[in-house]
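Note sheet for the following structure.
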Amino acid sequence: ALPLRFGFDREGEALYALTADGALHRIDPGTRRPLGSLPLVEAWALGETRPDLALGPGRAYLTNPKRGEVVVVGLEAFRELGRIPVGGRPGWIVALAVHGIEH
């Protein structure tokens, strides 16, 4: 399937790719072999708001425009952790991490 978004985890040990069929794939960057796939969001078609992917510390976040939600995936276990309803048709997402600040 056509890759929509991709990125490495913080350690550079795995590459994650979100494809147009709505699956998130974990890929070994050294061997380029798939390590697993999770079907998480609806497939995307040309002209529709497409899903997006953001990688944060230990988590991946995927927008699901057809259901108005964000899907949270734990990267270590590579499994869905939950869904956050946000409404609308979310098509873009960014994950930010700030280090060195204590609350």
Item checked: Nonlocal amide H pairs with LEU40, under 5 Å, H built at 1.01 Å -> ALA23, LEU24
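Consider all pairwise Cα distances in the chain and report the whole-number % of them above 19 Å. Let's see the in-between values first.
Values: 2103 of 5253 pairs.
Cα-Cα pairs in the chain separated by more than 19 Å: 40 percent.
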Note to self: Can you tell me, using C-alpha contacts under 8 Å and at least 6 residues apart, the relative contact order of the chain as a whole percent?
What the structure shows: 19
Notebook entry, point to check: How many percent of the accessible area of the chain is carbon or sulfur, using a 1.4 Å probe?
Noted result: 54
Check: Using the beta-carbon distance between ALA20 and ALA77 and R0 = 30 Å, what value does 1/(1 + (r/R0)^6) give for FRET efficiency, to the nearest 0.05?
Finding: 0.75
Check: Going from most exposed to least, what order do GLU11, GLU42 have by accessible area with a 1.4 Å probe?
Finding: GLU11, GLU42
Checklist line | Accessible area (Å², per residue) of the chain, counting only protein heavy atoms and a probe of 1.4 Å | finding: 63
Check: What whole number of Å gives the distance from the Cα centroid of the range 59-95 to the Cα centroid of the range 6-27?
Finding: 14
Check: Once phi is turned into θ = phi - 60°, what whole-Hz ³J(HN,Hα) does the Karplus curve with 6.51, -1.76 and 1.60 give for every residue of the range 54-70, x standing for Gly and Pro?
Finding: 9, 10, x, x, x, 9, 10, 10, 10, 7, 10, x, 6, 10, x, 9, 10
Check: Given springs between every Cα pair under 10 Å in a Gaussian network model of the chain, which of GLY22, GLY87, GLY47 has the largest fluctuation?
Finding: GLY47
Checklist line | Dipole axis of the chain (+1 Lys, Arg; -1 Asp, Glu on Cβ), positive-most option in THR63, PRO39, THR49 | finding: THR49
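The values are calculated or read from the model by the stated rules, or taken from the named source; none is laboratory data. Just so it is clear, the structure is predicted and the values come from calculations on it, not from any experiment. A quick note on method: Cβ atoms are made from the backbone with ideal geometry, for glycine too, and the neighbour counts reach across all protein chains shown. These area figures cover heavy atoms from the full protein model, side chains too; ligands, DNA and RNA do not enter into them. Shrake-Rupley method; radii C 1.70, N 1.55, O 1.52, S 1.80 Å.
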